[in-house]
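The values are calculated or read from the model by the stated rules, or taken from the named source; none is laboratory data. In this text the structure is predicted, and so the values were computed from the model without any measurement. As a convention, Cβ positions derive from the backbone with ideal geometry for all residues, glycine included, and neighbour counts pool all protein chains shown. Heavy atoms of the whole protein, side chains included, go into the accessibility calculation; ligands, DNA and RNA do not. Shrake-Rupley method; radii C 1.70, N 1.55, O 1.52, S 1.80 Å.
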Amino acid sequence: MLQSFQPKNKDIQIYVKDRLYPREAAKVSVFDSVVQGGDAVWEGLRVYQGGIFCLDRHLDRLHTSAKTLAFTDIPDKQQIKQAIFQTLKANQMFDDVHIRLTLTRGEKITSGMDPRLNQMGSCLIVLAEWKPLVYDNKNGISVITAHIQRNAPKHLDSKIHHNNLLNNILAKIQANVAGVDAALMLDANGFVAELNGTNLFMVKNGVLYTPHADACLHGITRGLIIEIAKENRIEIVERNLSLTEFYGADEVFCTGTMGELTPLTLIDGRSINRPKTGSLLHQLRALFLQKIPEYSEKIPLAD
Ligand code: PMP
């Protein structure tokens, strides 16, 4: 699934550090940590009908990621919210919008790895674009298993949502070469971790399964689906799951901000049933869609 340039995004305003810039002028320094070492944390959020979905949960995850990386200058939640609201209002964006929120360690006094060279404060980027869901969540996606694995906590904890995305990018290249939509990534023990940009669930005999969040990102959508399942007495099991179990599942779907809940129809050439009316995926999607207004923080229209 290759995204295309949306002409509506040509003249957007982007927030960098402390103010808005037109798209062409929105830049970070070549001394910025994100350029020097991918030293930044990020979140992807969606705007639905005048509200930002799960905003607090995303900001909490951003904060934990930045704290883990020992950022010394983390803007507080209110400051980040104000920057997001300002950006959305300047662009008149209230629906069908994706926000790429990035916090870099900021500019260095000279090139180098040492965080003590960062003496100019962190750099917040709010990039809001008009963007439909990236995955086709009606017809589903096909995937292959990539040779490159997700990191274990002893290598680089997947609970840090950082900008070092190279293993996932290498996996995505493998999917592109194979002509499929995404790459399935295993953990260091060969169990299924997630797709390169979304989490995975499978259904077998009416029970919902998802891998432990040890090697996958602890996705906000994943967390919400687990909550929804528990609220609705759908049995949900978090455990190690092998590829064999996914090949033999009754339903498989992925979750994430980029595609909500999207069925997988092909894994490594093995076809997976398309979800039928009444399937667990359809039930969970309906319950998820009901939650969107309740879990979205309204964009304040007055200044
Ligand atoms: N896995 C990875 C590797 C991701 O990058 C993302 C989204 N950033 C997800 C899963 C889905 O997470 P969320 O539900 O919070 O969008």
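Does Ala182 satisfy the condition of being outside the structural domain of Ile52 (by TED's automatic domain parsing), touching a residue at least 60 places away in the same chain (Cβ under 8 Å) and surrounded by 20 or more Cβ atoms within 10 Å (Cβ to Cβ)?
Numbers: outside the structural domain of Ile52 (by TED's automatic domain parsing): yes; touching a residue at least 60 places away in the same chain (Cβ under 8 Å): yes; surrounded by 20 or more Cβ atoms within 10 Å (Cβ to Cβ): yes.
The answer is yes for Ala182.
What pairs can you find where one residue is in segment 271-292 and within 21 Å of Gln49 (Cα to Cα), the other is in a loop (DSSP other than H, G, I, E, B) and modelled with pLDDT of 95 or more, and their Cβ atoms are less than 9 Å apart, with a gap of 6+ or different chains?
Leu284/Asn232; Leu284/Ile234; Leu287/Asn232; Ile292/Gln49
Being under 28 Å from Lys67 (Cα atoms), open to solvent by 50 Å² or more (accessible area, probe 1.4 Å) and not assigned by TED's automatic domain parsing to the domain that holds Leu62 is the requirement here; does Gln174 meet it?
no
Would you check which residues across segment 241-262 are in contact (Cβ under 8 Å) with a residue 40 or more places away in the chain, of a type outside the set (A, V, I, L, M) and either more than 16 Å from the ligand (Cβ to nearest atom) or not in a strand (DSSP E or B) (or both) and list them?
If the condition is that a residue be in contact (Cβ under 8 Å) with a residue 40 or more places away in the chain, of a type outside the set (A, V, I, L, M) and either more than 16 Å from the ligand (Cβ to nearest atom) or not in a strand (DSSP E or B) (or both), then Ser242, Glu245, Phe246, Gly248, Asp250, Glu251, Thr257, Gly259 are the ones that fit.
Quick check: is even one residue across segment 197-216 open to solvent by 60 Å² or more (accessible area, probe 1.4 Å) and outside any loop (DSSP other than H, G, I, E, B)?
Yes, some residue in segment 197-216 is open to solvent by 60 Å² or more (accessible area, probe 1.4 Å) and outside any loop (DSSP other than H, G, I, E, B).
Among (1) surrounded by fewer than 21 Cβ atoms within 10 Å (Cβ to Cβ); (2) at pLDDT below 95, where does Tyr135 come up short?
All conditions are met except number (1).
If Met120 passes every condition in (1) open to solvent by less than 40 Å² (accessible area, probe 1.4 Å); (2) in a loop (DSSP other than H, G, I, E, B); (3) at pLDDT 95 or above but one, which one does it miss?
Among (1) open to solvent by less than 40 Å² (accessible area, probe 1.4 Å); (2) in a loop (DSSP other than H, G, I, E, B); (3) at pLDDT 95 or above, Met120 violates only (1).
Of these, Ala66, Ala70, which one is outside any loop (DSSP other than H, G, I, E, B) and either open to solvent by 40 Å² or more (accessible area, probe 1.4 Å) or touching a strand residue (DSSP E or B) at 6+ places or on another chain (Cβ under 7 Å) (or both)?
Matching residue, one of Ala66, Ala70: Ala66.
Could you count how many residues in segment 26-60 are closer than 18 Å to Thr72 by Cα, in a strand (DSSP E or B) and within 12 Å of the ligand (Cβ to nearest atom)?
2
Filter segment 263-298 down to the residues that are assigned to a loop (DSSP other than H, G, I, E, B) and either of a type in the set (Val, Ile, Thr) or open to solvent by less than 20 Å² (accessible area, probe 1.4 Å) (or both) and list them by number.
At the first step, the residues of segment 263-298 found to be assigned to a loop (DSSP other than H, G, I, E, B) are 268-269, 272-279, 295.
Selection gives Ile272, Thr277, Ser279.
Could you give me the residue pairs with C-beta distances under 7 Å whose first residue belongs to segment 148-174 and is within 28 Å of Leu2 (Cβ to Cβ), whose second residue is away from the ligand (no atom under 11 Å from the Cβ) and acidic (Asp, Glu) wherever it lies, and which are 6+ apart or on separate chains?
Going by the 7 Å Cβ cut-off, the qualifying pairs are Gln149/Asp187; Arg150/Asp187.
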